[in-house]
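K.L.:
First the structure, then my questions, so here it is.
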Amino acid sequence: MSSFSAELRAGAADVWEAQHSHPFVRGIGDGTLALDRFRHYVRQDYVYLVDYGRLLALACARAPELETMRRFAELTQAILVTEMDLHRSFAADWGVPAADLESERATPTTRAYGDFLLRTAALGDFAELVAALLPCMWGYAEVGERLAAAGPPEPDPARPYARWIATYADPEFQALAAWCRELMDRLGAACDDAGRARLRAVFAESSRHELAFWDAAWRLEPAARDQRSLG
Ligand SMILES: Cc1ncc(CO)c(N)n1
């Protein structure tokens, strides 16, 4: 029998394939993505990662075992420091200080994804929280792996997409995503059928937010009017 994670992935397969074939993702892969779209994405992703970091810290607080707490503490650090360093370094190359990234206002799409994650963490159980965070880790691991395998674009200082791909194709990021899947497998096995149905719904909803996020950057979606930065 396939793993519970594989079952979740199969249930959302259409949304995942739509991500791989989205023009934003393809454009990163072949180096043709217009830089203004990528810059929009980096700024919104920074805002998103603040909420994602909060979600991981809540996962750490809620984890039933000490070993799982430790892993979520490490994962929180990996996102808030290592992954966000990538964004800060892109911004620095464009002459944009980190403080500007922090004062960026969320678009409706960024806000909707962050709200969904934190709502799930607030009101759902621990397994639902993990189902919500999984498409983020696993989706980027899969996109990074596929784009790296297809042969990343030539290094180009004006379009730094090879560096983006290398970050997510990196064995360390791949290992973090694999650990999240293994945790989901254990939690899924411990649930009854109704619980597993809820996890499938959460995973599918999170996957749709991932797809919407690429599309919002592609469309250069404007910030929502009344957004504050950092939450
Ligand atoms: C929207 C989004 N999903 C997943 C990741 C991977 O951490 C990211 N940086 N941004």
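K.L.:
By how many degrees, between 0 and 90 and to the nearest 10, does the Cα long axis of helix 35-62 differ from the longest principal axis of the chain?
P.N.:
Tilt relative to the chain: about 30 degrees.
K.L.:
When each pair of different Cα atoms in the range 15-139 is counted once in the 1/r mean, what is the Kirkwood radius in angstroms, to one decimal?
P.N.:
So the Kirkwood estimate lands at 15.7 Å.
K.L.:
Any chance you could run the full-extension gain for Glu67 through Leu220? It's 0.36 nm times the residue separation minus the Cα-Cα distance, nm to one decimal.
P.N.:
Using 0.36 nm per residue and subtracting the Cα-Cα distance, I get 51.0 nm.
K.L.:
For labels at Ala201 and Leu123 in the simple 7 Å Cα→Cβ model, what's the distance in nm?
P.N.:
Each label point is offset 7 Å from its Cα along the Cβ direction, giving 1.1 nm.
K.L.:
Pop out the Kirkwood hydrodynamic radius of the range 4-218 from its pairwise C-alpha distances, inverse of mean 1/r, in Å to one decimal.
P.N.:
17.5
Only the coordinates and a few stated rules stand behind these numbers; no lab work does. Bear in mind that the values here come from a model prediction, so they are computed numbers and not experimental data. No Cβ is skipped: glycine too gets one built from the backbone with ideal geometry, and neighbour counts run over all protein chains shown.
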